[in-house]
Amino acid sequence: MSHGSSPAAWTAVLVSLAGFLVGGIGLIPEPNWVVFTIGVVMAVGALPLGKVMALAGYGVDRAKSDAH
């Protein structure tokens, strides 16, 4: 069982974490809403990025993992 460990999943997680980091930095010490918005877009955009990468063949092939 692979637990979803694939380039698509790792990329989505890393982009999402980077988005949270950028958004958090944008709020310190006083809110910089442009930087915060960039972080939000990165964090939310990680989901479609992972899906597109999975459809491009960088995800886990469910058919092979279900045929134990």
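Taken together, the values in this text are just the output of simple stated rules run on the coordinates, not laboratory data. Predicted model only: the values in this text are computed from it and were never measured. Counting neighbours? That spans all protein chains shown, and the Cβs are built from the backbone with ideal geometry, glycine included.
Which entry in (1) 6.3; (2) 4.7; (3) 5.6 matches mean projected area of the Cα convex hull in nm² derived from the coordinates of this structure?
Computed from the coordinates, mean projected area of the Cα convex hull in nm² corresponds to (2).
Give me the distance in nm between label points sitting 7 Å out from Cα along the Cα-to-Cβ direction at ASN32 and TYR58, one decimal.
With each label point 7 Å from Cα toward Cβ, the separation is 2.8 nm.
If you fit an axis through the alpha-carbon atoms of helix 33-53 and take the longest principal axis of the Cα set of the chain, what angle between them do you get, 0 to 90°, nearest 10?
For helix 33-53, the angle is close to 10 degrees.
Note the angle between two axes, namely the Cα long axis of helix 7-25 and the longest principal axis of the Cα atoms of the chain, as a number of degrees from 0 to 90, rounded to the nearest 10.
The helix 7-25 is inclined about 10 degrees to the chain.
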